[in-house]
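The next block holds one structure in the form of structure tokens; read it before the comments.
The values are calculated or read from the model by the stated rules, or taken from the named source; none is laboratory data. These figures come from a predicted structure and were not determined experimentally. Methodologically, a virtual Cβ is constructed for each residue, glycine included, from the backbone with ideal geometry; neighbour enumeration extends over all protein chains shown. Ligands, DNA and RNA are stripped out before the accessible areas are found, and what is left, the full protein with its side chains, is counted by its heavy atoms. Shrake-Rupley method; radii C 1.70, N 1.55, O 1.52, S 1.80 Å.
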Amino acid sequence: MPTLLITGASRGLGLELARQYAHDGWRVIGTVREAPAGRKVVKLGAESLTLDVTDAAQLKQLAARLKGVPIDVLFCNAGISGKRGTALGNFDFAEWERVLRVNLLGAAAVIEALVDNVAASERRIVAVMSSRLASIAESSGMTIPYSTSKAALNLLAKALAANLASRGIIVVALSPGWVKTDMGGQSAPLTPERSVHGLRQVIARLRAEDSGKFLSYDGSILPW
Ligand SMILES: NC(=O)c1ccc[n+]([C@@H]2O[C@H](COP(=O)([O-])OP(=O)(O)OC[C@H]3O[C@@H](n4cnc5c(N)ncnc54)[C@H](OP(=O)(O)O)[C@@H]3O)[C@@H](O)[C@H]2O)c1
């Protein structure tokens with residue numbers, strides 16, 4: 001039975017990823033920040049552990065608890081959009097730092113803490129939840145703090161793909177599309193079910209040569 005560890009499993013895409021993988025018979029470890037959210041995860045047949053990805057002490061505890069447990073797919077999904085409407089003239093640098101701490105440094109810390117677990121698994125996959133808004137080629141100047149955090153996350157994925165190739169670990173940046181969640185809002189065209197179904201298909205098809213790619217939930221390659 002393969003194992004998925006997913007951060008930010010309390011709601012939205014993380015909860016749906018936990019649901020679909022658990023339904024498929026995987027061992028699913030979903031991390032949440034608060035205990036009540038953990039109960040939602042457990043109801044799906046998954047395990048719940050506490051983690052705020054910006055909390056180094058919690059991360060150390062999590063790594064100690066999971067020592068020796070192979071993780072086939074490590075999915076760094078936890079993320080925040082930050083305050084909306086931030087643009088040149090009203091940059092809020094404290095808020096921007098918060099977005100970077102969660103979306104970029106949080107993912108880097110989770111991967112660093114659990115990379116040996118991934119290396120010990122059969123599938124050896126690290127996925128980071130990126131966004132089309134990370135694309136430098138397609139940038140229209142929107143959501144600068146969020147977009148820069150996800151563009152940097154993409155570079156992290158590409159760099160770690162190179163660093164970890166010798167250990168047989170595949171690292172990819174995945175875009176879920178625009179999805180109806182608290183972050184995506186109700187105008188989004190995709191349901192979490194559909195986006196996650198696509199993301200799972202993409203993950204299932206990954207081969208060594210895909211490491212370092214920026215892929216959409218529909219399997220297409222996105223421009224950096
Ligand atoms: N929805 C979209 O259209 C869309 C598009 C592109 C990319 N994404 C990306 O997909 C991922 C999931 O987004 P979503 O739409 O499911 O958003 P969401 O419904 O707002 O869920 C965000 C998740 O991240 C968790 N989280 C936030 N800060 C955290 C921290 N410091 N430590 C640990 N967990 C934390 C939240 O936990 P709490 O419940 O404790 O706050 C929640 O589980 C994000 O990385 C987002 O950037 C979403």
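Counting Lys and Arg as +1 and Asp and Glu as -1 over every other residue whose Cβ lies under 13 Å from the Cβ of residue 2, the net charge comes to +1.
Carbon-plus-sulfur accessible fraction, the chain (probe radius 1.4 Å, protein heavy atoms only): 54%.
For residue 173, what is the net charge nearby, where nearby means another residue's Cβ is under 13 Å from its Cβ and Lys, Arg count +1, Asp, Glu -1? Once all neighbours under 13 Å are counted, the net charge is +3.
When the alpha carbon gyration tensor of the chain is reduced to an equivalent ellipsoid, its three semi-axes come out at 25, 20, 18 angstrom, largest first.
Model label sites at residue 191 and residue 83, defined 7 Å from Cα along the beta-carbon direction, differ in position by 3.6 nm.
Pairs exceeding a 27 Å alpha-carbon distance, out of 60/213; 60/83; 150/180; 40/213: 60/213; 60/83; 40/213.
Rounded to the nearest 5, the antiparallel percentage of DSSP beta bridges internal to the chain is 5%. The solvent-accessible area of residue 96, taken with every protein chain present and a 1.4 Å probe, is close to 50 Å².
Over the chain, what is the relative contact order in whole percent, taking alpha-carbon pairs under 8 Å and six or more residues apart? All intermediate terms of the calculation are to be shown ahead of the outcome.
Numbers: 457 pairs, mean separation 38.4, N = 224.
Relative CO of the chain lands at 17 percent.
What FRET efficiency would be calculated for the residue pair residue 92, residue 35, taking the C-beta separation as r and a Förster radius of 35 Å, to the nearest 0.05? The value I calculate is 0.70.
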